[in-house]
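Participant: Please read through the structure below; I'll follow up with questions.
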Amino acid sequence: MTDIIEIRNLTKTYGKNRGVTDVSFTVTEGDIFGFLGPNGAGKSTTIRSMLGFLKFNEGSIKIFGKDSVKDHEEILKDIGYMPSEALFYPSMPVIDVIRYAADVRGLDCSEEAGKLCESLKVDTKKKIKDLSLGNRKKVSIVCAMQHKPKLFVFDEPTGGLDPLMQNTFFELIEEYVKAGATCMLSTHVLSEVSRYCRHAAVMREGRLIKYDTVENLTKSAARRVKVTVDGVHREYLYKGSANELIAELSGKNVSDLLIEEPSLDEMFMHFYEGRE
């Protein structure tokens, strides 16, 4: 498979403040790639370095096989980027914002924009200042998607969207990916990654700590144990073997016992908190 994004030993520093250190990963063509981590982990710094919004100190970034610095303008033509907080002119009608985003690219995207607005239920007659957070997000999604780019880069895209619109958003992503696009999804919503992504990277404190298929990342030897002993109920994650657990409980007055897979959130929290 062709590598759409190739990041090697990326390092970006902000003086005494944390940036990212020695980050390396690839995103292959046709993937929906999850980029995970808590706030401040370095996700946005990595993305802004990729897109040329930040000058990084060390390493290299290639997108579509081209150098992200030397070929910056050419690369951006085929990227649809949605920042976590998009800023628009408050008094501008939605339809003008969407047209302006297309005009900047020198493209007529009216047909695709119309389809997206219909799917996402965007009221194009309203002014930006009259929109809720969720509706501003939808405008941002249309602006990022309407030119049908080869690569989508979304930074926390579903915040503010209701569950129905979240489903519609991911249906749109899957539709574009089936048509040949690639998507990088930066998020801290673990269920989104589990449901839609094939590969994922996990960031913590400016470093890449895990990079694998989502299937492998969500495998865990740990089990959630719910047990009642002598009338006292306990719940905890247990990493030992089943035989060790049985030995621990042997001879105790166990009135109830349930052993199950840990939640996705619990598994990834081990990565976030450095307990991997």
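Participant: Can you tell me which residue within the stretch 14-35, out of those that are touching a residue at least 24 places away in the same chain (Cβ under 8 Å) and charged (D, E, K, R), is least open to solvent (accessible area, probe 1.4 Å)?
Facilitator: Filtering the stretch 14-35 for residues that are touching a residue at least 24 places away in the same chain (Cβ under 8 Å) and charged (D, E, K, R), the one least open to solvent (accessible area, probe 1.4 Å) comes out as Asp31.
Participant: Assess whether Gly59 counts as being in a strand (DSSP E or B), closer than 30 Å to Val122 by Cα and not β-branched (Val, Ile, Thr).
Facilitator: The answer is no for Gly59.
Participant: Would you list the strands (runs of 3 or more DSSP E) that sit entirely within the stretch 198-276 and hold 1 or more residues that are at pLDDT below 85?
Facilitator: 223-229, 232-238, 254-260
Participant: Give the stretch 14-67 a look and list any residue that's small (Gly, Ala, Ser) and within 20 Å of Leu217 (Cβ to Cβ), or say none.
Facilitator: Let us first name the residues in the stretch 14-67 that are small (Gly, Ala, Ser), namely 15, 19, 24, 30, 34, 37, 40-42, 44, 49, 52, 59-60, 65.
Within the stretch 14-67, Ser24, Gly30, Gly34, Gly37, Ala41, Gly42 qualify.
Participant: Among residues belonging to the stretch 159-169 that are more than 12 Å from Ser119 (Cα to Cα) and free of Cβ contacts under 8 Å to residues at least 40 places away in the same chain, point out the one that is surrounded by the most Cβ atoms within 10 Å (Cβ to Cβ). Full working, then the answer.
Facilitator: The initial filter retains those residues of the stretch 159-169 that are more than 12 Å from Ser119 (Cα to Cα), namely 159-163.
Still in the list and also free of Cβ contacts under 8 Å to residues at least 40 places away in the same chain: 160-163.
Values: Gly160: 15, Leu161: 19, Asp162: 10, Pro163: 8.
Ranking the candidates gives Leu161 first.
Participant: Let me ask something else about it. From Asp67, Asp103, grab the single residue that is surrounded by fewer than 16 Cβ atoms within 10 Å (Cβ to Cβ) and within 30 Å of Arg8 (Cα to Cα).
Facilitator: Sole residue among the options that is surrounded by fewer than 16 Cβ atoms within 10 Å (Cβ to Cβ) and within 30 Å of Arg8 (Cα to Cα): Asp67.
Participant: OK, next. Does Leu120 fit the bill of being among the aliphatic types (A, V, I, L, M) and open to solvent by 10 Å² or more (accessible area, probe 1.4 Å)?
Facilitator: Taking the combined requirement at face value, the residue does not satisfy it.
Participant: Further question on the same structure: May I ask you to list the residues in the stretch 134-158 that are open to solvent by 40 Å² or more (accessible area, probe 1.4 Å) and assigned to a loop (DSSP other than H, G, I, E, B)?
Facilitator: Matches in the stretch 134-158: Lys148, Lys150.
Participant: When you go through (1) touching a strand residue (DSSP E or B) at 6+ places or on another chain (Cβ under 7 Å); (2) open to solvent by less than 50 Å² (accessible area, probe 1.4 Å); (3) not β-branched (Val, Ile, Thr) one by one for Leu172, which number turns out not to apply?
Facilitator: Single failed check for Leu172: (1).
Participant: A further question follows. Filter the stretch 216-236 down to the residues that are over 11 Å from Glu260 (Cβ atoms), aliphatic (A, V, I, L, M), more than 26 Å from the chain's Cα centre (by Cα) and open to solvent by less than 80 Å² (accessible area, probe 1.4 Å) and list them by number.
Facilitator: Result: Val227, Val229.
Participant: Suppose the filter is touching a strand residue (DSSP E or B) at 6+ places or on another chain (Cβ under 9 Å), open to solvent by 60 Å² or more (accessible area, probe 1.4 Å) and either of a type in the set (Val, Ile, Thr) or not in a strand (DSSP E or B) (or both); does Pro38 pass it?
Facilitator: no
The values are calculated or read from the model by the stated rules, or taken from the named source; none is laboratory data. What you see is a predicted model, and the numbers here were worked out from it, not measured in a lab. In this analysis, Cβ positions are derived from the backbone assuming ideal geometry, glycine residues included, and neighbour counts consider all displayed protein chains. Side chains are part of the model used for accessible areas, which takes the heavy atoms of the whole protein and leaves out ligands, DNA and RNA. Shrake-Rupley method; radii C 1.70, N 1.55, O 1.52, S 1.80 Å.
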